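A short reminder: the numbers here are calculations on the coordinates, not readings from a lab. Remember, predicted model here, so these are calculated numbers, not experimental data. Cβ placement follows ideal geometry from the backbone for every residue including glycine, while neighbour counts extend to all protein chains displayed.
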Amino acid sequence: MILALDLSKSSTGFAYGRPDETPRSGSIQFGTPQHTDADVGAKAMRWLGQDVPVLVGGVPDIVAIEAAWEGNGGHSAQTSALLLGLQFTMAAAALLFTKRQPELIKVGDARRTFTGRAGYAKGEAKPAVQRRCLELGWLDLETLQPDRADALCVWAHIAARSNLTLAFHQPKRAKP
């Protein structure tokens, strides 16, 4: 069982499933602007340790986390610190609860696996990932959400590495 996470305070996307299954996904909010970073970290750890095993039917074999970017990604110092802290907190909690080292996945590597391209012009990457989720039927217009799609992208990267016959970035063939 793979659990993939796209971390954020306001909307953490998650995707889970076995490489030979269609993944399931969702999102969770760990905090609002009124919550402290410690509140956010505590809720995130509680969710990973208590809710995830119920949600996925046990302890995940692999926890993959979209790695924080190099630089600040245009975010404030406070937001960058929160995201890096949340990444550290969830990686430590994943190790504690699963007894396995979590994997930090570079977003470009995940996108290359999922869409066939690692780099995009500003503003094009998230829509490309979302389109691919729609094409695969993993999300629909009602469930389409950027953080959820990003978690599915990370999940697909790990699933493809586990099962080399998966080729998510290949376009669907037209039916005769």
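Taking the stretch 74-84 on its own, how many of its residues are surrounded by fewer than 16 Cβ atoms within 10 Å (Cβ to Cβ) and under 19 Å from S11 (Cβ atoms)?
In the first step, residues of the stretch 74-84 are kept if they are surrounded by fewer than 16 Cβ atoms within 10 Å (Cβ to Cβ); the result is 74-79, 81, 84.
Those left that are additionally under 19 Å from S11 (Cβ atoms): 74-76, 78-79, 81, 84.
So the answer is 7.
If D20 satisfies all but one of (1) in contact with a strand residue (DSSP E or B) (Cβ under 9 Å, 6 or more places away or on another chain); (2) more than 19 Å from L84 (Cα to Cα); (3) part of a loop (DSSP other than H, G, I, E, B), what's the number of the condition it fails?
Only one criterion is unmet by D20, namely (1).
Taking V63 as meeting all but one of (1) within 17 Å of W47 (Cα to Cα); (2) touching a helix residue (DSSP H, G or I) at 6+ places or on another chain (Cβ under 6 Å); (3) without any contact (Cβ under 8 Å) to a residue 40 or more places away in the chain; (4) of a type outside the set (G, A, S), write down the number of the exception.
It fails just one condition, (3).
Residue by residue through the stretch 1-59, note down the ones that are aliphatic (A, V, I, L, M), touching a Ser or Thr at 6+ places or on another chain (Cβ under 8 Å) and surrounded by fewer than 14 Cβ atoms within 10 Å (Cβ to Cβ).
Within the stretch 1-59, none qualify.
Read through the list (1) out of contact with any strand residue (DSSP E or B) (no Cβ under 8 Å at 6 or more places or on another chain); (2) of a type outside the set (G, A, S); (3) within 17 Å of H157 (Cβ to Cβ), then give the number of the only condition that D6 fails.
For D6, the failing item is (1).
So, in the stretch 119-133, how many residues would count as being more than 15 Å from G13 (Cβ to Cβ) and either touching a strand residue (DSSP E or B) at 6+ places or on another chain (Cβ under 6 Å) or surrounded by 15 or more Cβ atoms within 10 Å (Cβ to Cβ) (or both)?
Count: 2.
Would you check if there is a residue in the stretch 94-112 being under 18 Å from K9 (Cα atoms), surrounded by 13 or more Cβ atoms within 10 Å (Cβ to Cβ), touching a Leu at 6+ places or on another chain (Cβ under 9 Å) and touching a residue at least 12 places away in the same chain (Cβ under 8 Å)?
Within the stretch 94-112, one or more residues are under 18 Å from K9 (Cα atoms), surrounded by 13 or more Cβ atoms within 10 Å (Cβ to Cβ), touching a Leu at 6+ places or on another chain (Cβ under 9 Å) and touching a residue at least 12 places away in the same chain (Cβ under 8 Å).
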